[in-house]
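Here is the structure we will look at, set down as structure tokens.
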Amino acid sequence: QVQLVESGGGLVQPGGSLRLSCAASGGIFRVNAMGWYRQAPGQQRELVAAITDGGSGTKYEDSLQGRFIISKANAGDTVYLQMNTLLPEDTGVYYCYADVDTLGRRGIYYWGKGTLVTVSS
């Protein structure tokens, strides 16, 4: 059973930084991509950033590029989201996802439970 475990959320002042981590485990044959979505109160879930296996390709929500950096561990299926110069509008629940192949199934999306990021003074 594939599981995604997120960590690193919390309360930070405007202008501060946070680093989120997400580790995928359990029955994974291949990770095709991992990334982060976020959902602000009363808003739809939106893509924040994604990275392909091996880190060769990245994608960002246009307004976040330059402040947020996604990266992947060299070993293991762990993805990081470095968030800098945080703004109150970055507040929300951040969800990790992984697009994986398991034995017998390809291209399945799995989700973490989410980690809350609150940007407030």
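The values are calculated or read from the model by the stated rules, or taken from the named source; none is laboratory data. Every value quoted in this text rests on a predicted model; they were computed, and no experiment measured them. Neighbour counts are summed over all protein chains in view; Cβ atoms, including those assigned to glycine, are modelled from backbone coordinates with ideal geometry. The accessibility values were calculated without ligands, DNA or RNA, using every heavy atom of the protein model including side chains. Shrake-Rupley method; radii C 1.70, N 1.55, O 1.52, S 1.80 Å.
Odds and ends about this structure:
Per-residue answers, yes or no, for (1) in contact with a Gly (Cβ under 6 Å, 6 or more places away or on another chain); (2) within 15 Å of L4 (Cα to Cα):
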| residue | (1), (2) |
| --- | --- |
| G27 | no, yes |
| P41 | no, no |
| M83 | no, no |
| L86 | yes, no |
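- Residues of segment 28-39 that turn out to be exposed (fewer than 13 other Cβ atoms within 10 Å of the Cβ) and of a type in the set (D, E, K, R), as a count: 1
- Tally, over segment 1-27, of residues that are over 12 Å from the mean Cα position of the chain (by Cα) and open to solvent by 40 Å² or more (accessible area, probe 1.4 Å): 9
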